[in-house]
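The values are calculated or read from the model by the stated rules, or taken from the named source; none is laboratory data. As the structure is a prediction and not an experimental result, all values here were calculated from the model. Every residue, glycine as well, gets a Cβ built from its backbone with ideal geometry; the counts of neighbours run over all protein chains shown.
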Amino acid sequence: MQHVIVSAALLQLSVFLADNREGLEHAAALLGGSVAARRARGLVDTLSTPRPRLTRRICRELIALHRLLALEDVGTPGHPSAVYFSTIDPADPAVEEICLLTDGLSDCLRALVEEDLVDAQDFDVAA
């Protein structure tokens, strides 16, 4: 049996995604529809297996999920997330969950940046 050495930041990310699988899928569906939910599910599934590094595809998916949760495209007219966001009631408890998930994912991304596993320019997360 081969042992895979996983960085602390990758382990933190994997645990966060596994612990928040349902919430991430639900948030992605609310903010981006079934396509976004499927992408979130695929990312969680991909990172459920320990890996020593992130591929470009995984980084793209992390960026996309972070952008979605952080509402980065909701101000762009015609962007799908703008349409989905406009249908969410601000009093919906899902709004608080989305904020918590965004904070948690941002923490994971900061850790990845600190370990030089991703380029800081790829993510808009304050240090």
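Considering the range 1-24, and only residues there that are in contact with a Pro (Cβ under 9 Å, 6 or more places away or on another chain) and at pLDDT 90 or above, the residue that is surrounded by the most Cβ atoms within 10 Å (Cβ to Cβ) turns out to be Leu10. Looking only at residues of the range 62-95 that are in a helix (DSSP H, G or I) and of a type in the set (S, T, N, Q), we find that the one that is surrounded by the most Cβ atoms within 10 Å (Cβ to Cβ) is Ser81. Selection over the range 52-91 of residues that are of a type in the set (Lys, Arg) and more than 28 Å from Ser14 (Cβ to Cβ) gives a count of 0. A search for C-beta distances below 9 Å between a residue of the range 97-108 that is in contact (Cβ under 8 Å) with a residue 40 or more places away in the chain and among the hydroxyl-bearing types (Ser, Thr, Tyr) and any residue that is part of a helix (DSSP H, G or I) and crowded, with 21+ Cβ neighbours inside 10 Å, counting only pairs 6+ apart in sequence or on different chains, returns Ser106/Leu69. Report yes if Ser14 is among the polar types (S, T, N, Q), closer than 18 Å to Glu114 by Cβ and in a helix (DSSP H, G or I), otherwise no. Considered against the rule, which asks whether it is among the polar types (S, T, N, Q), closer than 18 Å to Glu114 by Cβ and in a helix (DSSP H, G or I), Ser14 comes out as yes.
Restricting the range 18-61 to residues that are assigned to a helix (DSSP H, G or I) and in contact (Cβ under 8 Å) with a residue 60 or more places away in the chain, the residue that is farthest from Asp107 (Cα to Cα) is Leu30.
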